[in-house]
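First comes the structure, then the notes that go with it.
The values are calculated or read from the model by the stated rules, or taken from the named source; none is laboratory data. None of the values given here were measured: they were computed from a predicted structure. Glycine gets a Cβ as well: all are built from the backbone with ideal geometry, and neighbour counts include every protein chain shown. Only protein heavy atoms, including side chains, enter the accessible area calculation; ligands, DNA and RNA are left aside. Shrake-Rupley method; radii C 1.70, N 1.55, O 1.52, S 1.80 Å.
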Amino acid sequence: MIDRETIDRVFAAADIVEIVGDYVRLKRQGTNYVACCPFHNEKTPSFVVSPSKGLFKCFGCGEGGNAITFVMKHESLSFPEAVKVVAKRYGIEIHERELTEEEVRRNDDRESMFVVNGWAADYFQQYLHESDEGRSVGLSYFAQKRGFTAATIRKFGLGFCSARGAAMSEAALTAGYKEEFLTGVGLSIKSERDGHLFDRFRDRVIFPVHNISGRIIAFGGRILGTNKNVGKYLNSPESPIYSKKNELYGLYFAKRAIQQQDVAIMVEGYTDVISMHQAGVENVVASSGTSLTTEQIRLLKRFTKNITVIYDGDAAGIHASIRGIDMILAEGMNVRVVSLPAEDDPDSFARKHSADEVRTYIADHEHDFITFKAGLLMREAQRDPIRKAQLIGDMVQSIVQIPDSIHRSVYIKECARIMDVDENVLISEVARKRHTAAGDRETQEFMRRQAALIQQEQSASVATSMPLYKEGIRGGSSAEALEGELVKYLLKYGHLNFDLREGRTMVSCNVAEVIFDDLEADGLQFQNPLYNEILSTYRREWELLGSGVEVPAHHFVNHHDPEVSKLAVDLLASDDNYVASRIWTQKEIHVESEMEMLSAGVPRCMALYKSKVIERMVRELNDKLLDENLTEEQLSDILQRLSKLNVAKVQLAKKVDRLLL
């Protein structure tokens with residue numbers, strides 16, 4: 001674990017313009033820098049880097065954060081990994097807590113396995129290009145039969161393992177690599193008869209498998225002979241650094257294209273991925289040698305929620321692929337399918353066509369998975385009513401997997417149309433299967449509260465996404481939304497002063513003082529924990545610096561809680577200043593100044609927030625009055641508190657009306 005002091009040093013050293021500039025071409029625009037967003041396709045730059053605040057924000061796709069979170073997002077790294085990357089750039093030594101002997105040994109073993117695999121990948125590549133056997137057998141296969149260019153072969157690190165049974169193992173031992181790690185990653189197999197090592201991948205072309213960070217974790221080997229007693233493909237066994245259910249072949253090379261295009265193309269094998277990349281279609285991955293797993297789907301979901309599955313043209317390929325897609329639906333992903341011509345697979349199709357032709361074919365032939373499956377099954381059932389009933393059950397099973405109720409409803413309606421069956425029959429069957437799958441108690445509760453939950457989710461979505469700083473604060477704004485507005489005032493304007501009218505005189509007030517004093521006077525705390533954390537952090541730093549001194553943004557942008565950091569970035573990056581253009585100035589139209597905006601906004605927001613808090617307290621006390629077991633003393637206390645609250649509510653209502661005017 002990296003200690004807090006080291007993390008703070010990394011944050012302090014990291015120049016966000018330098019960090020982002022390593023990945024994106026930035027253009028200076030005033031005090032900020034702009035670029036086309038690296039996380040989605042755009043022609044007009046909406047990606048902004050603010051060196052003064054130490055943050056980036058894309059106003060197109062909504063991504064935002066600090067230097068560390070940019071590296072995390074761009075390189076798909078964990079927080080500790082991103083900290084180490086940035087620390088290395090600035091020559092900062094990473095201090096981590098002392099590990100136990102067992103942890104040290106385990107980490108050393110894992111690192112040794114990565115090193116052995118890296119050496120083996122280099123060995124296989126060198127053997128492919130520099131040995132007579134490699135060139136005549138392996139390179140001939142890749143270049144002539146598969147049509148891979150020299151650049152493609154180098155990019156994917158393709159290689160060859162000698163037909164001599166122990167050539168690679170002997171070279172590894174000679175180079176000083178230990179037997180335990182060669183066998184541990186599955187490069188070598190130890191003979192039970194005489195204890196000698198021999199090569200697992202002998203006489204095979206080699207496909208290295210990279211993890212998401214680009215390190216080699218395994219290999220796939222394809223035999224080129226015609227021996228039917230030997231499997232065509234052989235893959236590395238499970239090891240401490242390789243779990244096939246958690247990896248997708250080609251993801252390391254495809255992740256940036258997947259992010260930019262917001263869709264991943266799923267194919268079956270190594271050569272499918274490589275040929276598609278060579279054709280210019282790079283957002284392609286494969287499960288390679290294993291049925292699609294939930295872990296692989298969730299890994300892909302980090303980059304996109306949209307998957308297009310390309311089937312081999314033959315019927316067997318279609319049905320084999322269909323079986324794994326229910327899991328994708330269950331993870332809330334959007335699935336579309338493309339069926340290739342009967343004579344093609346993705347490898348052969350990509351070799352015959354240019355990138356534009358491949359993309360055009362996909363766009364013209366992709367179908368929503370549910371609709372595609374319904375049409376396919378109905379063609380098979382034709383006029384057989386028994387078969388049709390079985391296939392309706394198959395379709396229902398797919399729809400049951402979809403977690404979102406609205407999507408389920410849409411698909412039920414579409415399937416009812418395609419299958420010519422009563423929509424209500426499908427609705428009841430889906431409900432019954434979900435009931436069975438989830439368990440009686442859970443499903444009954446789900447069905448009872450479904451309508452209420454949907455309404456709550458929609459209300460919460462509106463409340464949390466409502467841009468109060470753009471549309472203005474309204475009397476109907478939720479207390480949580482008003483908390484967010486007050487936090488935004490603190491972050492952006494807490495150090496500034498504004499004039500407030502008290503009677504006939506104007507009093508100069510500080511934004512932070514007004515907010516803190518008003519909250520403290522009534523003993524109020526924010527209900528949203530993220531807003532409350534920002535409030536506490538700001539107050540702590542404000543008390544140290546003194547009133548009127550700007551609290552540096554890095555205290556919030558670089559906060560140790562990533563959710564607080566993201567929220568702070570969104571608030572700091574929000575554009576709440578309606579900048580006056582030359583046209584307004586020329587037409588002598590008055591544009592509200594920053595001080596005028598604060599003079600109206602801060603007191604009004606605080607008054608509205610207090611009124612919302614009072615409304616909540618009144619509701620809670622009214623609920624207590626329904627308790628038939630209240631004593632006279634308790635009843636009297638509640639009524640007195642309600643009376644005081646109602647008086648305060650009337651006073652606040654008058655204040656709000658006055659402020660609105």
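Report, ordered by chain and residue number, the lysines lying within cross-link reach of Lys178, taken as a straight Cα distance under 19 Å and ignoring same-chain residues fewer than 8 apart. Straight-line reach from Lys178, under 19 Å: Lys190. Amide H to amide H distances under 5 Å link Ala218 with Val209, where only residues 5 or more positions off or on other chains count and H is placed in the peptide plane.
Anisotropy class assigned to segment 102-197 is oblate, per the alpha carbon gyration tensor with a/c at or over the 1.5 cut-off and a/b no larger than b/c. Computed over protein heavy atoms with a 1.4 angstrom probe, the accessible surface ordering of Thr371, Thr226, Thr31, largest first, is Thr226, Thr31, Thr371. Expressed as a whole percent, the accessible area of segment 41-158 that falls on carbon and sulfur atoms is 51 (1.4 Å probe). Couplings 3J(HN,Hα) of segment 556-563, computed from phi: 9, 5, 9, 4, 5, 8, x, 5 Hz, in residue order, whole Hz [Karplus 6.51 cos²θ - 1.76 cosθ + 1.60, θ = phi - 60°; x for Gly and Pro].
The listed residues Asp8, Asp132, once ranked by accessible area (1.4 Å probe) with the largest placed first, stand as Asp132, Asp8. Accessible surface computed residue by residue for segment 320-433, with neighbouring protein chains in place and a 1.4 Å probe, gives 51 Å² per residue.
In sequence order, segment 405-411 has phi-based couplings of 5, 5, 4, 4, 4, 4, 5 Hz under the Karplus curve 6.51 cos²θ - 1.76 cosθ + 1.60, θ = phi - 60°, and Gly or Pro positions carry x. Each of the peptides 60-72, 117-129 was scored by the mean count of other Cβ atoms within 10 Å over its residues; in descending order, highest first, they stand as 60-72, 117-129. Ile310 contributes an accessible area of around 10 Å² to the protein surface, as traced by a 1.4 Å probe with all chains present. Could you tell me whether segment 1-57 comes out rounded, prolate or oblate from its Cα gyration tensor? Rule is a ≥ b ≥ c as square roots of the eigenvalues, rounded for a/c under 1.5, then prolate if a/b exceeds b/c, otherwise oblate. The shape class here is prolate. Counting only cysteine Cβ atoms and a cutoff under 4.7 Å, the chain contains unmatched residues Cys36, Cys61, Cys161, Cys415, Cys509, Cys605.
Between the amide H of Ile265 and those of Val284, Val285, Thr308, distances stay under 5 Å, these residues lying 5 or more places away or on another chain, with hydrogens modeled in the peptide plane. Taking Glu620, Glu75 and ordering them by how much accessible surface each has at a 1.4 Å probe, largest first, produces Glu620, Glu75. For Thr183, the solvent-accessible surface computed with a 1.4 Å probe is close to 50 Å², ligands and nucleic acids excluded.
Phi-derived couplings, Karplus 6.51 cos²θ - 1.76 cosθ + 1.60 at θ = phi - 60°, listed residue by residue for segment 16-27: 5, 5, 5, 5, 5, x, 5, 10, 10, 7, 8, 10 Hz, with x used for Gly and Pro. Overall shape: oblate for segment 1-156, with the ratio a/c of the largest to smallest alpha carbon gyration tensor axis at 1.5 or above and b/c at least equal to a/b. Could you tell me which label, among (i) 31.5, 102; (ii) 32.5, 122; (iii) 34.5, 114, carries the value of Rg and Dmax of the Cα atoms in Å calculated for this structure? Read-out from the structure maps to (i).
State the Cα centre-to-centre distance between segment 50-112 and segment 268-299 in whole Å. When both Cα centres are located, 27 Å separates them. Heavy-atom accessible surface of Ser243, to the nearest 10 Å², is about 30 Å², with a 1.4 Å probe and all protein chains retained. Counting only DSSP H runs of at least 4 residues, each contributing -39500 (n - 2.57), and dividing by the residue count of the chain, the helix-based mean residue ellipticity at 222 nm comes to -17000 deg cm²/dmol.
Partner lysines whose Cα lies under 22 Å from the Cα of Lys413, excluding those fewer than 8 positions away in the same chain, are identified as Lys373, Lys388, Lys433. Rounded to the nearest 5, what % of DSSP beta bridges with both residues in the chain are antiparallel? Expressed as a percentage, antiparallel bridges in the chain total about 75.
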